[in-house]
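What follows is calculated from the coordinates using simple rules that are stated; it is not laboratory data. Please read these numbers as outputs of a predicted model, since none were measured by experiment. Cβ atoms come from the backbone with ideal geometry, glycine included; neighbour counts cover every protein chain shown.
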Amino acid sequence: MADTYTPPVHGTGVKATIQRIGGHLAGMIMPNIGAFIAWGLITALFIPTGWLPNESFAAMVEPIIKVLLPVLIAYTGGRMVHGQRGAVVGAVAAMGVVVGADIPMFLGAMIVGPLAALILKYVDKFTEARTRSGFEMLVDNFSAGIVGGAMAVAGVWGIGPVVQVITNVAGDAVDWLVGNGLLPVASALIEPAKVLFLNNAVNHGVLGPLGVAEAAETGRSILFMLESNPGPGLGLLLAYLLFGPRPLRPSTPAAMIIHFFGGIHEIYFPYVLMKPRLILAVIAGGAAGVFTFMVTGSGLVATPSPGSIFAYAAVTPRGGWLGMILGIAIATAVTFAVAALLMRFGRGEKEPPAGAGPPAESATPAADEPRDAAAREDSPEHRTAAKEA
């Protein structure tokens, strides 16, 4: 399933291994982009800071982000490993990490879903040769139930808390950088955390509360702009559009619209996971944007939710438009330039598509073969052999 959404990876080195892992992670996300879009639309419209605030409809936001999306991701990851049985077990196991932590468990779901399916795959191999005829359904159902239940318990006791600790450590590191005035350096932690789908934990768990406290004193806060800047994502997608793998280029215009105007940053994360070295591009762009915000004295009055250009405009205080637009534009330009350089300006994506036929030089001997055969027939040796026959 991952091959449907990511280009094939060749080779056996460390780089190829990382790209394969990124491709599998992207393969768990891309089929569920529709669910992310649905959540983003509900969030943008109905939360208290949305366009059509509605308390009843906004009640869907938290269950979708904390339960439905992680379960869908784990379901898809399990299906990639072991078909429908792996999908069901992965979804059951995901409930453990959902209950075991207070943050959206996208990263935990990416771990526990395929892991549970892989364990079931080995269990099925073990039981297949030892199950008597007529007991297959009984054994299959109970083995799936036991593996799914055991992995759910492991998620509550182990995987969920571990991911929670990792998230807290990252949040504390960002807090320390903020406290020491090293805001551009914070992008080195924020951008990788975003790509691992910890963006909501970083933004709403760390930067949001700090920004609220600062905005209460000064009327604005730059902390609201660290994670939510749409510039790095836009620059990365622009680089993919011009220099990325050819099969993926047609998908980038729609992704840019959803990201920049809809504020759904999750849609560009799989593009980074497919080429992990591009994390350097979004880090550079994020740092450039934060530095620009600092120099221009920019800040927002509240968290732009979701992080679209419209949400940015809605929470930009009077007199802050120039700095806000400049920071987003510079972040976009820097990310685009670094990503284009890392992708070698598309030089690695110019190979002919599969099935295009052999190169011209390989076809030349085949083309000359009839003439060579005719020449051999007219040779004296051939005529002599024919007379003797």
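Work out Dmax and Rg for region 39-105 from the C-alpha atoms and quote the Rg first, both in angstrom.
My reading of the Cα-based Rg and Dmax gives 14.4, 42 Å.
Averaged over all directions, how much area does the convex hull of the C-alpha atoms of region 271-325 cover when projected, in nm²?
For the Cα atoms of region 271-325, the hull's average projected area reads 4.3 nm².
Extending each Cα 7 Å along its Cβ direction at residue 347 and residue 122, get the distance between those two points in nm, one decimal.
4.4
If I take R0 = 25 Å and measure r between the Cβ atoms of residue 249 and residue 185 in this structure, what FRET efficiency does the formula 1/(1 + (r/R0)^6) give, to the nearest 0.05?
The computed FRET efficiency comes out at 0.15.
So for region 65-179, Kirkwood radius off the Cα pairs, Stokes-Einstein at 20 °C and 1.002 mPa s: how many µm² s⁻¹? Let's see the in-between values first.
On the way: Rh = 14.5 Å.
This corresponds to a translational diffusion coefficient of 148 µm²/s.
Take region 173-314, drop everything but the C-alpha atoms, weight them equally and run the Debye formula without solvent; then report log10 I(q)/I(0) at 0.13, 0.18, 0.19 Å⁻¹ to two decimals.
For region 173-314 at q = 0.13, 0.18, 0.19 Å⁻¹, log10 I(q)/I(0) is -0.52, -0.98, -1.09.
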